[in-house]
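Comments concern the structure below.
The values are calculated or read from the model by the stated rules, or taken from the named source; none is laboratory data. It should be emphasised that the depicted structure is a prediction, and the values quoted were computed from it without experimental measurement. Here Cβ is always computed from backbone atoms with ideal geometry, including for glycine, and neighbour counts include all displayed protein chains. Surface accessibility is based on the protein's heavy atoms, side chains included, excluding ligands, DNA and RNA. Shrake-Rupley method; radii C 1.70, N 1.55, O 1.52, S 1.80 Å.
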Amino acid sequence: MTARAAVADTLAAVWRIESARVIAAVARLTRDLGLAQECAQDALVAALEHWPVEGVPDNPAAWLMTAAKRRAFDALRHRTQAVPKHAELAAELDTQHAIRAADFAEAVDAALDDDIGDDLLALVFTACHPLLSPEARSALTLRVVGGLSVEEIARAYLKPSATIAQRIVRARRTLTEARVPFETPRGAALHARLPSVLEVLYLIFNEGYAATVGDDWMRPALCAEAQRLGRVLASRLPEEAEVHGLLALMEIQASRLAARVDASGAPILLMEQDRGRWDRLLIRRGLAALEHARALPGPLGAYTLQAAIAACHARAAVAADTDWARIAALYDALAQLVPSPVVALNRAVAVGMAFGPAAGLELVESLAAGSALKGYHLLPAVRGELLAKLDRIDEARAEFARAAELAQNARERALLLARAAGGEI
C-alpha cells in the first residue's frame, strides 16, 4: 500500500467516526444543516489535499473540526457581503454574535461536561423535524449522523437507492428553506419528534450490529454512538418507556459484540457463540433499563418487546436453555403491534425453534409466496436453515446459495457460501 493510500484509509476511518460531530458543531454555528454539511465536506477535501503532503495530524478529528469551522466563518462573512450596504453593519454584528455564541456554548459544555446540550442529539432532533415525512427524517439522520451511505440506508428500508437519495436531497432543501433552528426541542415538540428519533437510533445501531454492506460483519462504532445517544435520551426522559426499552435492547445486543466474530473476523451465529465472552455489565444495564420500561404505565411498546426477546437470550447460560416458547409469544405480540414482513420472518425462526422446523417452515413458505421480502437475503437463509433441520439437504444448500447471491456484506456472503458448499450443514 502506498503512503497516499494509507493516509486515505486513515482519513476514511476518522471521517466515519467524526463526521457527525463535525457537522453538528458547525450546524450549531451556522444554524443551517445544509451549509454545515457543505463545510464539513470542504474540510474533508482539504484533508485529502494536505494530509498526504504534510502527514496525518496528531489530532485528526480536531484538524477536521477546525477546518470546517473556518469554512463556516468564511461562509457567514460572505453572507454579510451579499446584503445591501445599509444592512451590512447589522449582518456583520450578527455574524460576530454567532461566532462568539458558538465559542461560549462550547466553553460552557466543556466546563459542565453536560450531555444535555449535546450537539449530536440536537442534530438528530433537527433532522427529525415534523416538516419532513417520516421516511425523509430517518434517511437524512442516518446519512448525516450515522454516516451511512445511500446504499446502506436503502438496504435498511428495502427501497431503491435512487429513492433514498432523492429523499435526502429534498429533506436538506426543505430544512434550509424553512430555516429550521438547530436545537433539541422541549415539551410537546420534543415528544412529537421522539418516535422518529428512536427509529433512527434503532437503525443506526442495527447497521453497526450487522453491517448491510462492506467487508466487516460489524461496525461497533455505530453501535456505541447509538448507545451513547440512547443513554442521553434516557437521562432526559425518565418517564418515556420506549426510550428505556430501546436503550435496553441496544445494551443487551451490544453485550454480544465480542462473541459475534472469530479471530479472523468471520461471523459466529448466536447459537454457536461463547456466552462467556458476552459483556455482563452491558447485560445488567440492559436488564435494568428493561425493568424501568416495564414499570412505567401503559402497554409495552415495540422496542420494549424486542428488549424482552433479547433478555431471553441474555438470561440463558447456554443456548439450550433459551426459552423459545416465550420468545415466540413475544414475537406474536410484536407482530400484532407493528406488523412487518421482517418481524414475521423472525417470528417464524422462533416458532421453528420452539415447536419444530416444520412449523417454522410453514410460516416461511407463506412469506416466500409474497413479494415483500423479495431480494431480502435472510428469507432464503432462514428457509435453508429450516430445510437443513428437516434433512432436506440439497434444498437447503440451494437456499443458502441464493441467500449468498443476495447478501451484500462480504463476511455474511462467505458464511452463506460455506453453508451452501456443505461445510456448515
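Can you tell me which residue in region 184-198 is modelled with the lowest pLDDT, limited to those that are surrounded by fewer than 18 Cβ atoms within 10 Å (Cβ to Cβ) and under 16 Å from D119 (Cα atoms)? Only one residue tops the list, namely R186.
Got at least one residue in region 106-113 being assigned to a helix (DSSP H, G or I) and modelled with pLDDT of 85 or more? No, the conditions are met nowhere in region 106-113.
Scanning region 1-50 for residues that are surrounded by 17 or more Cβ atoms within 10 Å (Cβ to Cβ), polar (S, T, N, Q) and within 24 Å of the chain's Cα centre (by Cα) yields S19, Q37.
The one condition from (1) open to solvent by 30 Å² or more (accessible area, probe 1.4 Å); (2) at pLDDT below 85; (3) over 30 Å from A211 (Cα atoms) that F73 does not meet is (2). Does K374 satisfy being basic (K, R) and loosely packed, with under 15 Cβ neighbours inside 10 Å? So K374 passes the test.
When R392, R402 are screened for being open to solvent by 70 Å² or more (accessible area, probe 1.4 Å) and within 29 Å of the chain's Cα centre (by Cα), only R402 passes.
Of all residues in region 146-171, those being crowded, with 21+ Cβ neighbours inside 10 Å and of a type in the set (D, E, K, R) number 3. One residue stands out in region 288-314 among those that are surrounded by fewer than 19 Cβ atoms within 10 Å (Cβ to Cβ) and aliphatic (A, V, I, L, M): the one that is farthest from V338 (Cα to Cα), namely A288. Name every residue in region 328-343 that is within 24 Å of the chain's Cα centre (by Cα) and not polar (S, T, N, Q), in order of residue number. Across region 328-343, the qualifying residues are L330, Y331, L334, A335, L337, V338, P339, P341, V342, V343.
Applying the set (1) assigned to a helix (DSSP H, G or I); (2) touching an Asp or Glu at 6+ places or on another chain (Cβ under 9 Å); (3) basic (K, R); (4) within 20 Å of A24 (Cα to Cα) to R170 leaves exactly one unmet item: (2). The residues of region 216-228 that are open to solvent by 10 Å² or more (accessible area, probe 1.4 Å), within 18 Å of A24 (Cα to Cα) and aliphatic (A, V, I, L, M), listed by number, are A221, L222, A224. Selection of first residues in region 1-21 that are of a type in the set (D, E) and of second residues that are crowded, with 18+ Cβ neighbours inside 10 Å, restricted to Cβ pairs under 7 Å at least 6 apart or on distinct chains, gives the following pairs, ordered by first then second residue: E18/L64. Under the condition of being under 16 Å from L330 (Cβ atoms) and of a type outside the set (A, V, I, L, M), which residue from region 292-302 is modelled with the lowest pLDDT? Restricting to residues being under 16 Å from L330 (Cβ atoms) and of a type outside the set (A, V, I, L, M), the top hit is P299. When the residues of region 229-266 are filtered to those that are of a type in the set (S, T, N, Q) and outside any loop (DSSP other than H, G, I, E, B), the one that is surrounded by the fewest Cβ atoms within 10 Å (Cβ to Cβ) is S235. On inspection, V349 does not qualify as open to solvent by less than 40 Å² (accessible area, probe 1.4 Å) and part of a helix (DSSP H, G or I).
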